[in-house]
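Worksheet: one structure, shown below.
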Amino acid sequence: MHTKEEYIAVFDSGVGGISVLRELIKQMPGENYLYFGDSANAPYGNRPTDEVRELTEQAVEKMRPRGIKALVVACNTATSAAVRVLREMYPDLIVVGIEPALKLAADRFPNGRVGVMATKVTLREEKLNYLVSRFPDVQVERISAPGLVELVEAGKVSGPEVENLLKNILAPYVGKLDALVLGCTHYPFVAKTVSKILGQETELFDGGEGTARHTRHLLENAGLINDGKGSVVLENSSGSQELLKLSETLLYLQEEDL
Ligand code: DGL
């Protein structure tokens, strides 16, 4: 039996999942959160799928003994590779996985041209193909962004390096997209620069808010919402103080700085 006081575990390959944790806290401030970033093994997005699955399982095994009532896989890459297995492994646990917010973009632009920017794993896995097949009238461009996760992990979320990398990646799409889906949880932290490059005519979407809403809904249905004081524990496999500091900085960034 689970209790309300148990943690909501939030997992990502690194600091990206903090963008989802922010949404969770916004919607459920009374919860106890345990965030684990596996920066020692990041990025996941260039690895074979089996490796991503194994790393994800190991991380969840580390979090479980702490007492968790729900697991939010705040990583599109890990969700693509492992969410189905995790649900099978832990049938008594609420397991939510983030996926690219294509539905939001398709609802807004039913016949539009929509970019999905994500890691190699997310772009090649079956989960995305299935998602894309649900919106046959949307023209989807799959955009990979090599090097971007590494910059965010290094604490670089703005400045010339981020801008140059994004300019190269997005150059073929300037003026051509109705929407861009940020399909990796690290990307919302560079959304400002993405918007600067693509301009106002391209609307940005990410799955953080929907993932938090879905988690809240499942907890409500299970009678497991906590209206307590709320707390956040931030942990990182790298053991680096800098990464913990970065996690904290990203968690408490002002909305207007995003
Ligand atoms: N943040 C992860 C995601 O949402 C991926 C980062 C990585 O490649 O490790 O896909």
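Taking the criterion of being aliphatic (A, V, I, L, M) and closer than 14 Å to V116 by Cβ, the residues of segment 176-194 that qualify are L177, A179, L180, V181, L182, V194.
Of the candidates A118, A105, A82, the single residue that is touching a Ser or Thr at 6+ places or on another chain (Cβ under 9 Å), touching a residue at least 40 places away in the same chain (Cβ under 8 Å) and either within 15 Å of the ligand (Cβ to nearest atom) or open to solvent by less than 20 Å² (accessible area, probe 1.4 Å) (or both) is A118.
For every residue, the table says whether it meets (1) loosely packed, with under 14 Cβ neighbours inside 10 Å; (2) in contact with a helix residue (DSSP H, G or I) (Cβ under 7 Å, 6 or more places away or on another chain); (3) of a type in the set (K, R); (4) at pLDDT below 95.
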| site | (1), (2), (3), (4) |
| --- | --- |
| V181 | no, yes, no, no |
| A191 | no, no, no, no |
| I197 | no, yes, no, no |
| T202 | no, no, no, no |
| G208 | no, yes, no, no |
| A222 | yes, no, no, no |
| G228 | yes, no, no, no |
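Specify the residue that is nearest to E209 (Cα to Cα); the eligible residues are those in segment 124-135 that are without any contact (Cβ under 8 Å) to a residue 40 or more places away in the chain and among the aliphatic types (A, V, I, L, M). Checked segment 124-135; the qualifying residue nearest to E209 (Cα to Cα) is L131.
Do we find a residue being hydrophobic (A, V, I, L, M, F, W, C) and surrounded by 23 or more Cβ atoms within 10 Å (Cβ to Cβ) anywhere in segment 140-147?
yes
Within segment 203-220, one or more residues are assigned to a helix (DSSP H, G or I) and over 19 Å from the mean Cα position of the chain (by Cα). In segment 154-165, of all residues being outside any loop (DSSP other than H, G, I, E, B) and surrounded by fewer than 17 Cβ atoms within 10 Å (Cβ to Cβ), the one that is nearest to the ligand (Cβ to nearest atom) corresponds to E161.
So in segment 166-179, with the set limited to residues that are part of a helix (DSSP H, G or I) and open to solvent by less than 10 Å² (accessible area, probe 1.4 Å), which one is nearest to the ligand (Cβ to nearest atom)?
Going through segment 166-179, the residues part of a helix (DSSP H, G or I) turn out to be 166-173.
Restricting the remaining residues to those that are open to solvent by less than 10 Å² (accessible area, probe 1.4 Å) gives 166, 170.
Values: L166: 16, L170: 18 Å.
Restricting to residues being part of a helix (DSSP H, G or I) and open to solvent by less than 10 Å² (accessible area, probe 1.4 Å), the top hit is L166.
For segment 34-52, filtering for residues that are more than 10 Å from the ligand (Cβ to nearest atom) and within 16 Å of the chain's Cα centre (by Cα) leaves 3.
The values are calculated or read from the model by the stated rules, or taken from the named source; none is laboratory data. On a predicted model such as this, the values are computed, not experimentally measured, just so you know. Note that each Cβ is placed from the backbone with ideal geometry, even for glycine, and that neighbours are counted across all protein chains shown. In case anyone asks, the SASA skips ligands and DNA or RNA and just uses the protein heavy atoms, side chains included. Shrake-Rupley method; radii C 1.70, N 1.55, O 1.52, S 1.80 Å.
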